[in-house]
Amino acid sequence: MSGILASLAVAVGVGVLAGPGATAADNPFERGPAPSESSIEASRGSYQVSTRNVSSLVTGFGGGTIHYPTTRADGTFGAVVVSPGYTGTESSISWLGPRLSSQGFVVLTMATNSVYDQPDSRATQLQAALDYLTSSSSGVADRVDAGRLALMGHSMGGGGTLRAVEENPAIKAAIPMTPWHTDKTWGQVSTPTLIFGAEYDTIAPHGTHAELFYGSLPSGLDKAYLELNGASHFAPNTNDTTIAKYSIAWLKRFVDDDTRYTQFLCPGPSFLDLDVEKYSATCPF
């Protein structure tokens, strides 16, 4: 293990709120009960989730599936679009849909127009998918807070995520997963960004992609880099608790402005976390 920050010194308490309907008076965007290690590592959160199919004939991207909390008691939710990587289909990132949505987000796991689309094309499609989610055509626009949007993507979808937030700084959070792009410098990005790298990535080696991208982000930006121990480029294509845990914390912190989740990001993983090879972040958030 290398580069692990010191473990959190304060014990994490399990919240006493009983269900997803409770929110804090000083933050109207908080959704769900107070978090714990077990709650963000769980395969499902506190919300029941339904889905809607998006036709492949939709304009701007290749269709997909919308996952959304069924309750209307909590008002609107932040929304996330997730792109697959080169040659990948929606199925390669579909596990993130119910896992993230059950924590209190509307999530679109998308397909691209072509599995061979390059990162900048995927950036355009990611933005089109966000626009679709907030339009009446989606059937869920009344469940989405159009001011609290985020992007995630694997491989070329991760590179597309970086390009999309560079072009649209209004996006609240970005999570590129083992990202690939020919552009190595991202100094114009102003969106809080969590990048996942993989120790044994031979397609987008972390030293020339994920870790390099992280280092090129502005020093004053809220950003983090997590390298998955012993993992390959394709780690984001299967249900992965480490990816889910820190993605949930990042989205909660920067889409929902929920500081209850800062404890999982700053200082970050313990040296006892054998799934994490390296972690860096510009704490405090």
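Name every residue in region 175-208 that is touching an Asp or Glu at 6+ places or on another chain (Cβ under 7 Å), under 24 Å from Asp240 (Cα atoms) and not in a strand (DSSP E or B), in order of residue number. Answer for region 175-208, where residues must be touching an Asp or Glu at 6+ places or on another chain (Cβ under 7 Å), under 24 Å from Asp240 (Cα atoms) and not in a strand (DSSP E or B): Thr178, Pro192, Glu199, His206.
For every residue, the table says whether it meets (1) part of a loop (DSSP other than H, G, I, E, B); (2) touching a helix residue (DSSP H, G or I) at 6+ places or on another chain (Cβ under 6 Å); (3) not polar (S, T, N, Q).
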| site | (1), (2), (3) |
| --- | --- |
| Ser247 | no, no, no |
| Leu251 | no, no, yes |
| Asp256 | yes, no, yes |
| Cys266 | yes, no, yes |
| Pro269 | yes, no, yes |
| Leu274 | yes, no, yes |
| Tyr279 | no, no, yes |
| Cys283 | yes, no, yes |
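Could you please give the count of residues in region 223-242 that are surrounded by fewer than 16 Cβ atoms within 10 Å (Cβ to Cβ) and of a type in the set (S, T, N, Q)? So the count comes out to 4.
Of the residues making up region 7-47, those that are modelled with pLDDT of 50 or more, in a loop (DSSP other than H, G, I, E, B) and not polar (S, T, N, Q) number 14. Considering region 86-118, and only residues there that are in a loop (DSSP other than H, G, I, E, B) and of a type in the set (Ser, Thr, Tyr), the residue that is surrounded by the most Cβ atoms within 10 Å (Cβ to Cβ) turns out to be Thr112.
Remark: pairs (first residue in region 221-235, at positive phi and in contact (Cβ under 8 Å) with a residue 24 or more places away in the chain; second residue assigned to a strand (DSSP E or B) and surrounded by 23 or more Cβ atoms within 10 Å (Cβ to Cβ); Cβ separation under 9 Å; 6+ apart in sequence or on different chains) = Gly230/Ala198.
The values are calculated or read from the model by the stated rules, or taken from the named source; none is laboratory data. Just so it is clear, the structure is predicted and the values come from calculations on it, not from any experiment. Using ideal geometry, Cβ is built from the backbone for each residue, glycine included, and neighbour counts are taken over all protein chains shown.
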